Amino acid sequence: MTAVANPATVEECLRLGAGFSQGDRNWIAELFSTLDARLAGFHADATDLELSVKDRGARGQHVSLICRIAGREEIVTTSSEEDLHAAVMDARDDLRRRLNDSKSKQEPRHNRHLRDVPQPVMDGDLEV
């Protein structure tokens, strides 16, 4: 993987949506710091993470984490865990897994059919 001039980090890319305040940002950024290594392969300007919660603290709360990376499909992960901390970690872990899956689909490592194989040089005076 080539190095990116301005790598994406959770600190730069995280936006808190409905149900979260800026006071929640520190503990969420700390929980999401494990995503930094995964996001580092993408440009910060082209990466966006949005975390929101519906009905925070209620029995049916619903946490959504949306990841937008230019040139890739939007990834949406959700969790309905009753504990907010557990729901945020669940959405984070699902995003990490889906980012890995997405990378594997777009950048196969061991598919010899996709490698650049030099073509043999054909001699111009072959008889038919």
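The values are calculated or read from the model by the stated rules, or taken from the named source; none is laboratory data. As the structure is a prediction and not an experimental result, all values here were calculated from the model. Please note: Cβ atoms are built from the backbone with ideal geometry, for glycine as well, and neighbour counts cover all protein chains shown.
Among the residues in segment 70-81, are any more than 15 Å from the chain's Cα centre (by Cα) and either exposed (fewer than 15 other Cβ atoms within 10 Å of the Cβ) or under 27 Å from ASN6 (Cβ atoms) (or both)?
If we filter segment 70-81 for residues that are more than 15 Å from the chain's Cα centre (by Cα), which is where we start, we get 79-81.
Retained after the next criterion (residues that are either exposed (fewer than 15 other Cβ atoms within 10 Å of the Cβ) or under 27 Å from ASN6 (Cβ atoms) (or both)): 80.
There is at least one residue in segment 70-81 that is more than 15 Å from the chain's Cα centre (by Cα) and either exposed (fewer than 15 other Cβ atoms within 10 Å of the Cβ) or under 27 Å from ASN6 (Cβ atoms) (or both).
Would you check which residues across segment 35-74 are among the small types (Gly, Ala, Ser) and part of a loop (DSSP other than H, G, I, E, B) and list them? Matches in segment 35-74: ALA40, GLY41, GLY57, ALA58, GLY60, ALA70, GLY71.
Among the conditions (1) modelled with pLDDT of 90 or more; (2) in a helix (DSSP H, G or I), LYS103 misses just one, which is (1). Considered as a group, the residues in segment 39-53 that are out of contact with any helix residue (DSSP H, G or I) (no Cβ under 7 Å at 6 or more places or on another chain) and either among the small types (Gly, Ala, Ser) or more than 20 Å from ASN26 (Cα to Cα) (or both) include one that is surrounded by the fewest Cβ atoms within 10 Å (Cβ to Cβ), and that residue is ASP45.
Within segment 12-32, can you find the residues that are without any contact (Cβ under 8 Å) to a residue 60 or more places away in the chain, under 18 Å from the mean Cα position of the chain (by Cα) and surrounded by 13 or more Cβ atoms within 10 Å (Cβ to Cβ)? Quick ask: steps written out before the conclusion?
If we filter segment 12-32 for residues that are without any contact (Cβ under 8 Å) to a residue 60 or more places away in the chain, which is where we start, we get 12-27, 29-30.
From what's left, under 18 Å from the mean Cα position of the chain (by Cα): 12-17, 29-30.
GLU12, CYS13, LEU14, LEU16, GLY17, ALA29, listed by residue number.
In segment 1-11, of all residues being β-branched (Val, Ile, Thr) and part of a loop (DSSP other than H, G, I, E, B), the one that is surrounded by the most Cβ atoms within 10 Å (Cβ to Cβ) corresponds to THR9.
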